[in-house]
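**Q** First the structure, then my questions, so here it is.
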Amino acid sequence: MEDQRIENIELKFLTVDDFEELKSATLESYGGVLNSYWKKQHIERLTTIFPQGQVVIKIDGNIAGCALSLIVDYDKVEDNHTYADIIEGDKFNNHDEFGDVLYGIDVFIKPEYRGLRLGRRLYDYRKELCENLNLKGIVFGGRMPNYHKFQSELTPKEYIEKVRHKEIHDPVLNFQISNDFHPLRIIKGYLEGDTASSEYAVLMEWDNIYYTKKSKKASSVKTIVRLGLIQWQMRTYNSLEDLMQQVEYFVDSVAAYRSDFALFPEFFNAPLMAKYNHMYEPDAIRELAKYTTIIVEKMQQLSISYNINIITGSMPELIDDKLYNVGYLCRRDGSSERYEKIHVTPDEAKVWGMQPGHQLKTFDTDCGKIGVLICYDSEFPELSRLLSDEGMDILFIPFLTDTQNGYSRVRLCSQARAIENECYVAIAGSVGNLPNVNNMDIQYAQSAVFTPCDFSFPSNGIKAEATTNTEMILVADVDLSLLRELHAFGAVKNLKDRRKDVYDVIRVSK
């Protein structure tokens, strides 16, 4: 093709009118092997039952390549099936328009057009078709045309490993692996007469990261999620009712923008300690802890009333006379779950006698899996890594910092958590001061939403940020589908590339 000028390349649906040219192109591609081409009745049947699955690439009007496929119900396909089992003669009875997997039954490029990356175009089309039809993925039996050269010294499994590590060149397997396909299993006797592969095949798979299981429920899991962050002003309140009035004002504000989550800061209820300021500090915060149950109950009511998931920041809580820093996820369906601060700061332990928590888990919501880490916990990467391994999409971090130094630790660590765990991170803190509450100095905060740093995200990893030290709300949309793309196709793959053969993070049960 070096000396031939190409005027036009187009991808078209295969038709019966293409049969004679397709037959000729197939014979050229497979070395003229007798009966290596599809018969006319095959093409008529394929283009009738699944026209979208049958495509050709034409260069200046001539067929240069072809890709044929079916849809199958993969649960009905035996693990050790053969090629003949899939196509079932002339009728292709395994095709199931309600199936869940695209099965490739043929793909070729004519020898004179090889080197133009036309095969990649055909594979890209199949991937787009798979996504458009909401199928789980693509599978096919991949030949191993060079295996016969190594059969006496290598098992098929050993051969594949050497191909993957670039110790052996196999044109078919190398191409498939470079196009994001991965081997599932080895099938013996897959294609009768394939002596080059010694009749072995590798069942290859490509996963559709956009696949969503069809639901029978009226609700669906969102991909675009709206976050509402409350940058809370510390001020004096005369009563719990006054504080909850301000809470409801903010919930109403972010819900008016149809936010899916409202995030409050750590110890946002600290102003209620003012009436206990005459007491010993550990006693004062224990008095504050008596409000926690009723605040959570009121927030549960607000989450239902305003149709929003509320992350309550954090509050002190007494359990068996031990003081913990905890918060609650109040879902809009009326359910709630509790989270704890795992690492208490030296000041929390010294001044208040705060105890470290032990509960760490992700939470299922109608907007995907989320995690919550309270302030200081954001500075310990092991915690978010464990949550990430459970499928966390969004990490919420309510915080309370009095200096810019403390805030910078939370912010910079939160940005690192977004990159290393390929997730969104939302942080919300308090501003202002409480002169009538001991151990609650001037507050410093700039609430923000952070992202990984890749092409689909802001280059600096900042989706949105509030004005520093100003009471306000911050509303931002995050796209969960971009995380799926990042996991599979990112410039770097921080999750997939971890060397678990060298290191790992292990949860210790308690």
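**Q** All other residues with a Cβ under 14 Å from the Cβ of Val410 taken together, and with Lys, Arg as +1 and Asp, Glu as -1, what is their net charge?
**A** Once all neighbours under 14 Å are counted, the net charge is -1.
**Q** Considering amide H positions built from the backbone, and no H for Pro or chain starts, which residues 5 or more places from Gln233, or on another chain, come under 5 Å of its amide H?
**A** Excluding prolines and chain starts, which carry no amide H, the hits are Val431.
**Q** A follow-up question, please. Using θ = phi - 60° and the Karplus relation 6.51 cos²θ - 1.76 cosθ + 1.60, list the HN-Hα couplings for segment 503-508 in order, rounded to whole Hz, with x at every Gly or Pro.
**A** Per-residue couplings from phi come out as 8, 7, 10, 10, 7, 9 Hz.
**Q** Let a ≥ b ≥ c be the square roots of the eigenvalues of the Cα gyration tensor of segment 52-93; is it rounded (a/c under 1.5), or, if not, prolate (a/b larger than b/c) or oblate?
**A** Since a/c reaches 1.5 and a/b is larger than b/c, the shape of segment 52-93 is classed as prolate.
**Q** What residues qualify as long-range amide H neighbours of Leu135, i.e. H under 5 Å apart, gap of 5 or more or another chain, H built at 1.01 Å from N?
**A** Counting only residues 5 or more places away or on other chains, the set is empty.
**Q** Something else about it: Using all alpha carbons of the chain, what is the percent of pairwise distances in each 20 Å bin, ordered from the shortest bin to the longest?
**A** That works out to 20, 39, 25, 14, 1, in percent per bin.
**Q** Write out the GluC sites (Glu not before Pro) in segment 1-107 meeting two conditions: DSSP loop, and at most 16 other Cβ atoms within 10 Å of their Cβ.
**A** Answer by residue number: Glu2, Glu7, Glu78, Glu88, Glu97.
**Q** What does the charge count around Trp232 come to, taking other residues whose C-beta lies under 10 Å from its C-beta (Lys +1, Arg +1, Asp -1, Glu -1)?
**A** My count for the surroundings of Trp232 gives -1.
**Q** Next question, about the same structure. Please state the charge dipole magnitude for segment 333-463, taken about the Cα centre, from unit charges on C-beta atoms (+1 on K and R, -1 on D and E), reported in debye and rounded to the nearest 20.
**A** I would put it at about 320 debye.
**Q** Using the 10 angstrom Cβ neighbour count as an exposure proxy, how do Val296, Val508 rank, fewest first?
**A** Val508, Val296
**Q** Along the three principal axes, how long is segment 13-110 when you take its alpha carbons, biggest first, rounded to the nearest angstrom?
**A** 41, 25, 20
**Q** Oh, and also: Extent of segment 250-373 along each principal axis, from alpha carbon coordinates, in Å, largest to smallest?
**A** 43, 30, 21
**Q** For Glu420, what is the net charge nearby, where nearby means another residue's Cβ is under 10 Å from its Cβ and Lys, Arg count +1, Asp, Glu -1?
**A** +2
**Q** Could you give log10 I(q)/I(0) at q = 0.09, 0.11, 0.17 Å⁻¹ for segment 224-489, computed by the Debye formula over C-alpha point scatterers of equal weight, without solvent?
**A** -0.36, -0.54, -1.38
**Q** Okay, moving on. What list do you get for Met204, Met315 if you sort them by fewest beta carbons within 10 Å?
**A** Met204, Met315
**Q** Here's something else I'd like to know. Once you have all Cα-Cα distances for segment 451-490, histogram them in 10 Å bins from zero and send the whole-percent values.
**A** Going from the shortest bin to the longest, the percentages are 27, 44, 21, 8.
**Q** Could I ask something else about it? Please report, in debye to the nearest 20, how large the charge dipole of segment 176-335 is about its Cα centre when each Lys and Arg carries +1 at its beta carbon and each Asp and Glu carries -1 there.
**A** 500
**Q** How big is the equivalent ellipsoid of segment 9-207 along its three axes, where each semi-axis is √(5λ) from the Cα gyration tensor, reported in whole Å from largest to smallest?
**A** Values for segment 9-207, descending: 25, 20, 17 Å.
**Q** Related question: Filter Lys213/Lys463; Lys298/Lys369; Lys58/Lys166; Lys290/Lys463; Lys76/Lys157; Lys136/Lys369 down to the pairs with a C-alpha to C-alpha distance above 27 Å, please.
**A** The pairs that break the limit, which is 27 Å between Cα atoms, are Lys213/Lys463; Lys58/Lys166; Lys290/Lys463.
**Q** Taking other Cβ within 10 Å of each residue's Cβ, how do Phe457, Phe264, Phe175, Phe50 sort, fewest first?
**A** Phe175, Phe50, Phe457, Phe264
Here, each number is a calculation from the coordinates, and none is a lab measurement. For clarity, every value in this text was computed on a predicted model and none was experimentally measured. No Cβ is skipped: glycine too gets one built from the backbone with ideal geometry, and neighbour counts run over all protein chains shown.
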